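J.: Okay, handing you the structure first.
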Amino acid sequence: MSSSAPVIPTPATRFVRACLRQPVDRPPVWFLRQAGRYMREYMEVRRHHSLLEICKRPEIAAEVTITAAEKLDVDAAIIFADLLLPLECMGLDFEFQAGEGPVIHKPLRTAADIDALVTTRASELAYVGEAIQKVVAHFHDRIGIIGFCGAPFTLASYMIEGGGSRNYIETKKIMYRQPDAWSKLLDKLVIVLREFAAQQVAAGADVIQIFDSWAGALAIPDYRDFVLPITRTLVREVQSLGVPVIYFGVDTASLLPAMRETGADVLGLDWRTPLDKAWRELDYSCAVQGNLDPITLFAEPELIRKRVHQILDQAAARPGHIFNLGHGIVPGTPVENVQAVVRFVREYSPAAGEARHG
Ligand code: CP3
């Protein structure tokens, strides 16, 4: 924990309390990608609007956020937006192509491309803050409101690769061979992300989640040399706004101790990492969020209940566990199974754990 982090007053929601490892009546639960294509109400909105239109129209983004959180009866709402929105105001245009994911039209390839990136137009992202204000006005302190942004590495990888990637060759080429250009790119990203996060906190976000979705592509020494220092800077700057930070990645089992050094209040765990083992290896020095395999949601309810309760057994009612998936809900997931997970978390009683393992 950063010793310079401000003192945060006793928070109202069990979600924020859990982020700060304060005692709660039961573990809070929410889902990565809880507003998305598996949900009929979202698909109905999507028939009339593109993804970017939804993000940029605060009344629609707020409606989609609220509908999902109400329907699932979760303890936190993540604002409907996308990781890539800041690219536009830095001068990189992109689009979402059906079935292909994001496509950046002119990916970064040279130091000159990085020099040309703009850092003074973050105010153009104000529509996300406006959507947050509407969500806060709806829920008040009933549930936690999560703002989010991408982490420097994951955003840089999209900017350089031009979309998703398997081996991150172009990204790692710049990282290894042009370290000055690499650090300039990450510095520029942090200027924009800091301001974007500040807008979201000013609008009422209780917590900021920083998505380093693809950090798991990095070897530990590369993460430490090329990514950890600037990520730590971003985490500290966001914490200095007065909110806890959740830092999330996938395939990160071996990276977790290094990710912990960012000083984030909460680390996201994917499902390949047993929650008890990961938390012990972190010396319980931060809160953890996770870690059901999102594809478990396609199983029969009895198996889902068993897996949910096994995770809660592993957390052992220790303060600082937020129940979630190890990654986002995928299209085609039965919504009633997502709702069932919320019930399984609520009904859980730690005392029954021994019987399950017995
Ligand atoms: O409730 C929510 O979580 C929805 C808000 C949200 C979206 N994107 C909307 C979205 C959030 C938190 C994100 C974050 C995001 N975006 C990440 C990090 C999260 C993670 O999964 O690790 C990443 C890597 C992106 C970039 C992105 N956006 C990709 C790779 C894709 C295409 C892949 C896909 O799932 O189709 C998107 C599109 C996207 N962003 C969708 C949604 C609901 C689905 C597409 C659609 O509605 O047309």
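J.: Can you spot the lysines whose alpha carbon is less than 28 Å from Lys56's alpha carbon? Ignore those fewer than 8 places along the same chain.
T.: Result set, ordered by chain and number: Lys71, Lys106, Lys134, Lys188.
J.: Now a separate question. Output the 0 to 90 degree angle, nearest 10, between the alpha-carbon long axis of helix 335-347 and the longest principal axis computed from the alpha carbons of the chain.
T.: Here the helix axis deviates by roughly 60 degrees.
J.: Considering only Gln339, Gln97, Gln22, give the residue with the highest GNM mean-square fluctuation for the chain, with springs between Cα atoms whenever their separation is below 10 Å.
T.: Taking springs between Cα atoms under 10 Å, the residue moving most is Gln97.
J.: How much length is gained if the chain between Lys173 and Glu336 is pulled fully straight, taking 0.36 nm per residue apart and subtracting their Cα-Cα distance, in nm to one decimal?
T.: Working it through step by step, the gained length comes to 54.2 nm.
J.: Okay, next question. If amide H atoms are built 1.01 Å from N in the plane of the peptide, which residues on other chains or at least 5 residues away come under 5 Å of the amide H of Asn324?
T.: Gly290, Asn291, Leu292
J.: Which residue, Tyr176, Tyr42, Tyr168, tops the fluctuation ranking in a GNM of the chain built on C-alpha contacts under 10 Å?
T.: It is Tyr176.
J.: Here is a further query. Taking H placed 1.01 Å from N in the peptide plane, check which residues at least 5 places from Ile78 or on another chain put their amide H under 5 Å from its amide H.
T.: Correct list: Ile146.
J.: So in the chain, what percent of DSSP beta bridges are antiparallel if you round to the nearest 5?
T.: On the way: 4 of 27 bridges.
Antiparallel bridges make up about 15 percent of those DSSP assigns within the chain.
J.: Which ³J(HN,Hα) values in Hz, rounded to whole numbers, follow from the phi angles of region 202-213 under the Karplus curve 6.51 cos²θ - 1.76 cosθ + 1.60, where θ = phi - 60° and Gly and Pro get x?
T.: 4, 7, x, 4, 8, 8, 10, 9, 9, 8, 10, 3
J.: Moving to a separate point now. For the chain, what % of the accessible area comes from carbon and sulfur atoms, probe 1.4 Å?
T.: On the way: 7470 of 14780 Å².
Its accessible area is 51 percent carbon and sulfur atoms.
J.: Cα axis of helix 228-239 to longest principal axis of the chain: angle in degrees, 0 to 90, nearest 10?
T.: On a 0 to 90 degree scale, this one is about 70.
J.: Roughly how many Å² is the accessible area per residue of the chain, as a whole number, for a 1.4 Å probe?
T.: So the chain comes to 41 Å² accessible per residue, rounded to a whole number.
J.: Angle check, please: helix 152-161 long axis (alpha carbons) against the longest principal axis of the chain (alpha carbons), in degrees 0 to 90, nearest 10.
T.: 60 degrees
J.: Further, regarding this structure: Build a GNM of the chain with springs between Cα atoms under 10 Å: which of Gly263, Gly320, Gly216 gets the top mean-square fluctuation?
T.: Among Gly263, Gly320, Gly216, the largest mean-square fluctuation in the Gaussian network model of the chain belongs to Gly216.
J.: Oh, and also: Tell me, what ³J(HN,Hα) does each residue in region 64-77 have, in order and in whole Hz, if you take phi through Karplus 6.51 cos²θ - 1.76 cosθ + 1.60 with θ = phi - 60° and put x for Gly and Pro?
T.: Result, rounded to whole Hz: 5, 4, 5, 4, 5, 5, 5, 4, 8, 6, 8, 8, 8, 10.
J.: To continue, here is another question. May I ask you to compute the full-extension gain from Arg343 to Asp293, defined as 0.36 nm times their residue separation minus their alpha-carbon distance, rounded to one decimal in nm?
T.: Working it through step by step, the gained length comes to 16.3 nm.
The values are calculated or read from the model by the stated rules, or taken from the named source; none is laboratory data. Source: prediction; values computed, not measured. Surface accessibility is based on the protein's heavy atoms, side chains included, excluding ligands, DNA and RNA. Shrake-Rupley method; radii C 1.70, N 1.55, O 1.52, S 1.80 Å.
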